[in-house]
Amino acid sequence: MIYHLLAFLTVTIWGSTFVFTKMLLQNGLSPAHIFTLRFAIAYFLLVIVELAKWARRQGAAPRFLSATLHDELMMVGLGVSGGSLYFLTENAALLYTTATNTSLIVCSCPLFAALLIGMVYRSERFNRAQLLGSLLACVGMAIVVLNGHFVLHLSPLGDLLAFSACLCWAVYSLLMIPIGHRYDTVFITRKVFFYGLLTMIPYYLLVPGFPPLALLLQPDVIANLLFLGCIASLLCFLVWTWLIKKLGAVITTNYVYINPIATILFAWWLLGEQITLYFLLGSAMILVGMYLCERQRR
């Protein structure tokens, strides 16, 4: 139950990031700036903590490279699929399609992750009851996101970008399975942050520029960035990587269905948005579906 509680709390925090990101966007930061700053904060804090532990214990120096080139390339894949490419495609999708379309497609990633992982690892495949539970949770997620407005505006480019973000997270979950067996959680998380930042360089070559220091020093901007960097990135990625080892990639990824529930609750709390009957119905379906998935797994 501790693992499931932590998974629930992690996705709840990630659901809140949409609200805090919206506040930063209103202050003049771009999505790329926000991603870079939150990952940079998380990476350097993690390095500082490891160096401090090494200096105190006088043991072996912190490890910065994987054991093999193959493993290092898989770390690059994790940094791209769970970092730079995921966030860029998700944020770019919002420029070409509606937030509703983006949420529906991106938050359906547990289904795609389950299919992809099941193709590679037979032991991770869903049985019929688990598939039914996942589909029920997916429908509940759609009800929460649509919120009674069952009108979708198709936008091929924007929807394709959102689907790309969905696939990125599925690939991230797939790559985490073998890597999680060979390396510790802190090392993997640090590599994800490092390669997520490194692979953002081509973006800044195409779209140069960074927000002025005066903007970054505003108290509300600092507070939001510290939350996104320290809690939503550093702490949550560490916990998520560890949970994939404990619960398995498919069950852990299923908690993404809770993401829109958390987003709406935080929007109600911080932005004054209303909670509707559709939200309550969809939330109940998500919870029942996830219960079926885990109950059939035991």
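Can you give the alpha-carbon Rg of region 143-228 over 2.2 N^0.38 Å, where N counts its residues?
Dividing the Cα Rg of region 143-228 by 2.2 N^0.38 Å gives 1.54.
If you average the alpha carbon positions of region 216-242 and of region 17-58, how far apart do those two centres end up, in angstrom?
6
Can you pull the percent of region 171-265's accessible area that's carbon plus sulfur, 1.4 Å probe, other chains left in place?
77
Could you tell me whether region 209-298 comes out rounded, prolate or oblate from its Cα gyration tensor? Rule is a ≥ b ≥ c as square roots of the eigenvalues, rounded for a/c under 1.5, then prolate if a/b exceeds b/c, otherwise oblate.
oblate
Once label points are set 7 Å from the Cα along Cα→Cβ at both ALA214 and LEU25, what is their separation, rounded to one decimal in nm?
Distance between the two pseudo-spin positions: 2.5 nm.
Relative contact order for the chain: what percent, with Cα pairs under 8 Å and sequence separation of 6 or more?
Over the chain, the number comes to 39 percent.
Give, as ranges by residue number, the residues of region 173-209 whose backbone N falls under 19 Å from the point 7 Å along Cα→Cβ of TYR96.
203-204, 206-207
Give me the extension gain from ALA52 to MET119: residue separation times 0.36 nm, minus the current Cα-Cα distance, reported in nm with one decimal. Mind dumping the intermediate values first?
Details: separation 67, 0.36 × 67 = 24.12 nm, distance 4.22 nm.
Full extension of this stretch gives 19.9 nm more.
What accessible area per residue, rounded to a whole number of Å², is obtained for the chain using a probe radius of 1.4 Å?
I get 49 Å² per residue for this part.
Quick one: if you stick a label point 7 Å off each Cα along the C-beta vector at VAL207 and TYR278, how many nm between them?
2.9
Could you tell me what % of all Cα pairs in region 1-102 have separations over 18 Å? Let's see the in-between values first.
Numbers: 3446 of 5151 pairs.
Across region 1-102, Cα pairs with separations above 18 Å total 67 percent.
Under 25 Å Cα to Cα from LYS245, which lysines show up? Leave out anything in the same chain fewer than 8 places away.
LYS53, LYS191
After finding the eigenvalues of the alpha carbon gyration tensor for the chain, what semi-axes result from the square roots of 5 times each, listed largest first in whole Å?
The equivalent ellipsoid of the chain has semi-axes of 29, 25, 18 Å.
The values are calculated or read from the model by the stated rules, or taken from the named source; none is laboratory data. Computed from a prediction, not measured in an experiment: that's the story for all the values here. Cβ sites come from the backbone with ideal geometry, for glycine too, and all protein chains shown count toward neighbours. Please note that ligands, DNA and RNA were not included when accessible areas were found on the heavy atoms of the full protein model with its side chains. Shrake-Rupley method; radii C 1.70, N 1.55, O 1.52, S 1.80 Å.
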